1. When the accessible area of the range 52-187 is computed with all protein chains present and a 1.4 Å probe, what percentage of it is carbon and sulfur?
2. Students often forget the sequence filter, so: which aspartates and glutamates lie under 19 Å Cα-Cα from K31 once same-chain residues fewer than 8 apart are removed?
3. Pick from I154, I39, I114: which is most flexible by mean-square fluctuation in a GNM of the chain where alpha carbon atoms under 10 Å apart are linked?
4. Keeping every protein chain present and rolling a 1.4 Å probe, give me the accessible area per residue for the chain in Å².
5. When P(r) over Cα pairs in 10 Å bins from 0, in percent is calculated directly from the model, which label among [x] 9, 36, 38, 14, 3, 0; [y] 8, 32, 35, 18, 6, 1, 0; [z] 8, 29, 33, 22, 8, 1 fits?
6. Find, among the GluC sites (Glu not before Pro) in the range 1-32, those assigned to loop by DSSP (not H, G, I, E, B) with at most 15 other beta-carbon atoms within 10 angstrom.
7. Could you list which residues have their amide H under 5 Å from that of V24, counting only those 5 or more apart in sequence or on another chain, with H placed in the peptide plane?
8. Compare K31, K183, K192 in a GNM of the chain, Cα atoms joined below 10 Å, and give the one with the largest fluctuation.
Amino acid sequence: MKKQQRIRQLITREAARLMYEEGVSQYFDAKRKAAKRLIGKQYRFAPKYLPSNGEISEALYELSQLKDPEDHEERLFRMRCRAVEVMEELEPFTPRLIGSVSTGRIREGSDIDIHVFCDEIEELENYLDTLGWHYAREATTINVNGRMIEYQHIHLDFDFPVELSVYPLSDLRIVSRSSTDGKPIRRLSVSKVRQLITDEHWSMYIKSGLSR
């Protein structure tokens, strides 16, 4: 058991390093690439050695803290401020911040993930056109309980990349679960993001002049 735990820990750390330093974006790819480097092709026959997405996420967060905690803090503050600005503009679509910017577990390459709600994506696109924002639309299809469902995403071009995931209005009250740890996804309204900024970044908030 100790050997199994040790190998699992090594794979976890290597997967986190791959995501942080080499730009591997998906947990699935990172854990398998790390396992192949450490134990070879036999990892395919020993899934017990593969860490969960949650384990890698925790190791990735710890790694980002060790590298440069002050830079991490400033980047998180700026990303949350940008999230507030975007969400204020998108108020008609009930924006909700999710992901690493909401939890604070950002890394190099993290984007700002926002859920928006409308039944016709063209309505959102027309609204973005009136704002003069540059954007790109992308569709992804995922398996949800045996059903293939297509979701629409809008990518916005700011100083930090922003991804809008578009859901029908009826999904606003549905609690989704994270693919990382299986826990309910934390959706923050713009007022809660503002509160997060004042609670966790007070000195930066004052220096920025946003409090005035």
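The values are calculated or read from the model by the stated rules, or taken from the named source; none is laboratory data. The structure displayed is predicted, hence computed values, not measured ones. Here the Cβ positions follow ideal geometry from the backbone for every residue, glycine too, while neighbour counts run over all protein chains shown. For accessibility, only protein heavy atoms count, side chains too; no ligands or nucleic acids. Shrake-Rupley method; radii C 1.70, N 1.55, O 1.52, S 1.80 Å.
1. Carbon and sulfur atoms account for 45 percent of the accessible area of the range 52-187.
2. Result set, ordered by chain and number: E14, E21, E22, E55, E58, E62, E108, D181.
3. I39
4. 60 Å²
5. Here P(r) over Cα pairs in 10 Å bins from 0, in percent agrees with entry [z].
6. E22
7. Under 5 Å from the amide H of V24: M19.
8. So, out of K31, K183, K192, the one fluctuating most is K183.
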